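Take a look at the structure set out below.
The values are calculated or read from the model by the stated rules, or taken from the named source; none is laboratory data. Keep in mind that this is a model prediction, so the values were computed, not measured. Neighbour counts run over all protein chains shown; Cβ positions are idealised from the backbone, glycine included.
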Amino acid sequence: MDNEAAFDKFKTCTVEVLQVEPEKVTLDARFGDDLDADSLDLVELVMALEEAFNITVDESELEGVETVEQAFKLVSSKA
Amino acid sequence: MSERVVLVTGGSRGIGLATARRFQELGDRVAVTYRSKPPDGEDDPLLCLRCDVTSQSDVDEAFATVEERWGPVEVLVANAGVTRDGLLLRMNEQAWSEVLDANLTGAYRVARRAAGSMVRSRRGRIVFVSSVVALLGGAGQANYAAAKAGLVGLGRSLARELASRGVTVNVVAPGPVATDMLASVSGDRMEEIRAAVPLGRIAAPEEVAAAITYLASPEAAFVTGAVLPVDGGLGMGH
């Protein structure tokens with residue numbers, strides 16, 4: 001999967017789980033401030049991404065992940 | 001109200017079966033899990049699933065069966081429990097661990113499995129069946145009381161975690177109830193138990209079932225993190 005297709009998939013998941021407008025899901029968007037996601041939203045998102053990309057993400061890897069770009073890099077490094 | 005999908009663990013007898021029957025009377029679709037023997041009843045709309053709550057794969061399989069048949073579980077009653085009574089000095093680690101694994105970790109396993117779809121659908125009810133000994137203690141029941149007290153901490157933590165998604169989590173704490181679990185108690189001990197209960201009798205399983213179905217009802221939408229005693233006054237609110 002190329003990077004663009006992967007980001008589209010990532011974005012679809014994010015829009016669906018966080019119930020936000022697609023144009024808000026930009027690389028520099030912050031989950032908390034810009035996408036209004038709480039901790040449980042993020043857990044749901046991680047689970048959805050794990051399923052969509054057929055990967056597993058360890059809790060420790062999520063530390064410090066605050067932006068869409070950080071999360072996408074983490075996911076695409078495993079996919 | 002549309003019928004809900006209800007799963008009761010340990011539902012082949014006692015409090016679990018009485019609870020399952022009451023949900024059925026309310027028009028819900030009800031599945032029960034059992035470990036060794038399914039409940040009696042031919043042509044029964046009750047969906048009976050063999051599932052040992054100490055096994056994650058059994059738990060996953062039971063949920064998958066319910067989901068396939070009816071869709072996600074909307075009401076979970078974690079009731080499955082075992083006892084291995086004995087005084088601490090004679091209680092080996094196996095007796096301790098077995099009771100913790102079934103009564104407390106088993107509840108964690110089913111709650112964790114149920115919570116995902118509840119969070120996604122923004123509604124759900126979880127009820128943990130604890131015991132009066134959780135907060136009173138019980139000589140000879142260190143393992144059981146510890147596990148049942150653990151359900152209070154588990155329940156209240158989940159109540160906080162899931163509140164923002166409209167999912168309530170509550171605990172029922174029954175006193176002595178006329179079930180197989182109590183049947184092994186000797187006659188003299190039964191008299192002592194009865195004498196300690198202000199209402200002076202043993203409960204029927206249906207009386208505990210009524211508390212559980214209340215907590216799962218739309219009327220209880222504002223009740224979460226509660227410990228509801230159904231104990232004839234034995235614990236006086238604890």
Practice item. Scan region A:22-30 and give yes if some residue there is within 21 Å of B:ARG120 (Cα to Cα), surrounded by 13 or more Cβ atoms within 10 Å (Cβ to Cβ) and modelled with pLDDT of 95 or more, otherwise no. Key: yes
Only one of (1) away from chain A (no Cβ under 14 Å); (2) surrounded by 24 or more Cβ atoms within 10 Å (Cβ to Cβ) does not apply to B:GLY137, and that is (2)
Flagged in region A:18-38 as more than 12 Å from A:GLU66 (Cβ to Cβ) and over 12 Å from the mean Cα position of the chain (by Cα), in numbering order, are A:GLN19, A:VAL20, A:GLU21, A:PRO22, A:GLU23, A:LYS24, A:ASP36, A:ASP38
The condition of being in a strand (DSSP E or B) and of a type in the set (A, V, I, L, M) holds, among B:VAL185, B:VAL172, only for B:VAL172
**Study point:** Filter pass, A:ALA6 being under 12 Å from the mean Cα position of the chain (by Cα), away from chain B (no Cβ under 14 Å) and farther than 27 Å from B:ALA163 by Cα
**Key:** yes
Across region B:186-205, the tally of residues that are surrounded by 14 or more Cβ atoms within 10 Å (Cβ to Cβ) and under 28 Å from B:SER12 (Cβ atoms) stands at 8
Restricted to region B:121-156 and to residues being without any contact (Cβ under 8 Å) to a residue 24 or more places away in the chain and part of a helix (DSSP H, G or I), the residue farthest from B:LEU215 (Cα to Cα) is B:ALA145
Within region B:129-181, the residues that are at pLDDT 95 or above, within 14 Å of the chain's Cα centre (by Cα) and not aliphatic (A, V, I, L, M) are B:SER130, B:SER131, B:TYR144, B:LYS148, B:GLY150, B:GLY155, B:ASN170, B:PRO174, B:GLY175
ask   = Looking at B:ASN79, is it on the phi < 0 side of the Ramachandran plot and surrounded by 22 or more Cβ atoms within 10 Å (Cβ to Cβ)?
value = yes
Going through region B:95-118 in order, the residues found to be within 14 Å of chain A (Cβ to nearest Cβ), modelled with pLDDT of 95 or more and either surrounded by fewer than 24 Cβ atoms within 10 Å (Cβ to Cβ) or touching a Ser or Thr at 6+ places or on another chain (Cβ under 7 Å) (or both) are B:ARG112, B:ARG113, B:ALA115
Over region A:35-51, the set of residues farther than 16 Å from A:GLU61 by Cβ, surrounded by fewer than 16 Cβ atoms within 10 Å (Cβ to Cβ) and more than 9 Å from chain B (Cβ to nearest Cβ) is A:ASP36, A:GLU51
Residue hits (region A:10-46; charged (D, E, K, R) and touching a helix residue (DSSP H, G or I) at 6+ places or on another chain (Cβ under 6 Å)) are A:ASP41, A:GLU44
